[in-house]
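The values are calculated or read from the model by the stated rules, or taken from the named source; none is laboratory data. Bear in mind the structure is a predicted one, so any value in this text is a computation, not a measurement. For neighbour counting, all protein chains shown are included, and Cβ atoms are generated from backbone atoms with ideal geometry for every residue, glycine included.
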Amino acid sequence: MARRRRPEEHVNHEAWAIPYGDLLTLLLAFFVVMYAMSSVNEGKYRILSDSLVAAFRGSPRTLQPVQVGEKQVGSGADINMTIVQQAMLEGQPRSMLEPAPIQVSDIVRQNFLNAPDAPHEAEALQRQRAILQLESVATEVERAMADLIEKQLILVRRHGVWLEVEIRTDILFPSGVATLSESAVRVLQALAHTLKPFPNPIRVEGHTDDRPIATRAFPSNWELSSARAASVVHLFTREGVDPARLAVIGLGEHRPAASNDTAEGRNANRRVLLVILSGDGMPEGVWASERGEQEPAAQPEPSAAVS
């Protein structure tokens, strides 16, 4: 009996389509899942992009990057701040993203400091100028009074913001009177011409020793010291010194420079002291300057010269 012949199997050339379709399905599902999980934040993306550009190509030329599209609402994307501010909040170094500071010229800075509403730096600069001007006053006084300074009849002391010119009464007044001697007039005229060009305020202080005086003209040392200081002021004004710069102060025997127990000490205490202040204000101080701006002081009536 003949053997039954098995039917011939045909090769299926389209079998690859099944795994290929499964692969495409898996890839589609993968990208769908990845897209669902992703959320691009444009704000953080710009920070990252500018940081990379700054690291590899140098600092950005502008603090405001070009905006592409509209910002989306989200963390960091809806905050209106610059790249530098965002970098500072995230702890990134300021030198990476911050531009170089603008250099202001010396002329602009000088005009700014001289403005009426200038800050404290301008006040310090003005004070420094006043001190330098006071040094010029001291130098001129020392040059003009060199002979008397060498004889210890005039003393010049620098105190930073003020200058003291002490004149011994040996060359100014005889004992117990407030009338200037002839030799004192020449000395004070030279001193007045030296101080006249400068705007510094001057306080003229009169001092005496502790010996009491009780005359008809001078009941006490207060009147005597004040009259001696006033005599110096009258001479200064006659020589052209602005009277608004001058003030008369009589201190009597209450500010001694030495002990009154010896003749040398009493002689040192009988003196006239010129206190030359820095600046160009009033000799009475800040209160007088404010009062002078608000309400001008009444002009005193002319008084007779003390004889």
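When residues in segment 257-275 are screened for being under 25 Å from Thr215 (Cβ atoms) and buried (at least 18 other Cβ atoms within 10 Å of the Cβ), 7 of them pass. Residues in segment 163-175 that are modelled with pLDDT of 90 or more and not charged (D, E, K, R) were compared, and the one that is surrounded by the most Cβ atoms within 10 Å (Cβ to Cβ) is Val165.
Yes/no matrix, rows are residues, columns are (1) over 15 Å from Leu246 (Cα atoms); (2) touching a Cys at 6+ places or on another chain (Cβ under 9 Å); (3) among the small types (Gly, Ala, Ser):
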residue	(1), (2), (3)
Arg157	yes, no, no
Leu172	yes, no, no
Ser183	yes, no, yes
Ala190	yes, no, yes
Gly206	no, no, yes
Pro212	yes, no, no
Ala217	yes, no, yes
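Got a sec? Which of Ala178, Ala229, Ala217 is surrounded by 13 or more Cβ atoms within 10 Å (Cβ to Cβ) and at pLDDT 90 or above?
Just a single option satisfies the conditions, and that option is Ala229.
Residue check: Asp210 meets all listed conditions (1) over 35 Å from the mean Cα position of the chain (by Cα); (2) buried (at least 18 other Cβ atoms within 10 Å of the Cβ); (3) part of a loop (DSSP other than H, G, I, E, B) but one, namely (2).
The residue of segment 107-161 that is modelled with the lowest pLDDT, among those that are under 15 Å from Leu277 (Cβ atoms) and charged (D, E, K, R), is Arg127. Residue pairs whose Cβ atoms lie under 7 Å apart, sitting 6 or more positions apart in sequence or on different chains, and linking a residue in segment 134-152 that is over 18 Å from Phe198 (Cβ atoms) to a partner that is at pLDDT below 90, are Leu148/Ile154; Leu148/Val187. Among the residues of segment 235-251 satisfying the criterion of being over 13 Å from Leu273 (Cβ atoms) and surrounded by 17 or more Cβ atoms within 10 Å (Cβ to Cβ), which is nearest to the chain's Cα centre (by Cα)? Looking at the filtered set, the residue picked out is Arg245.
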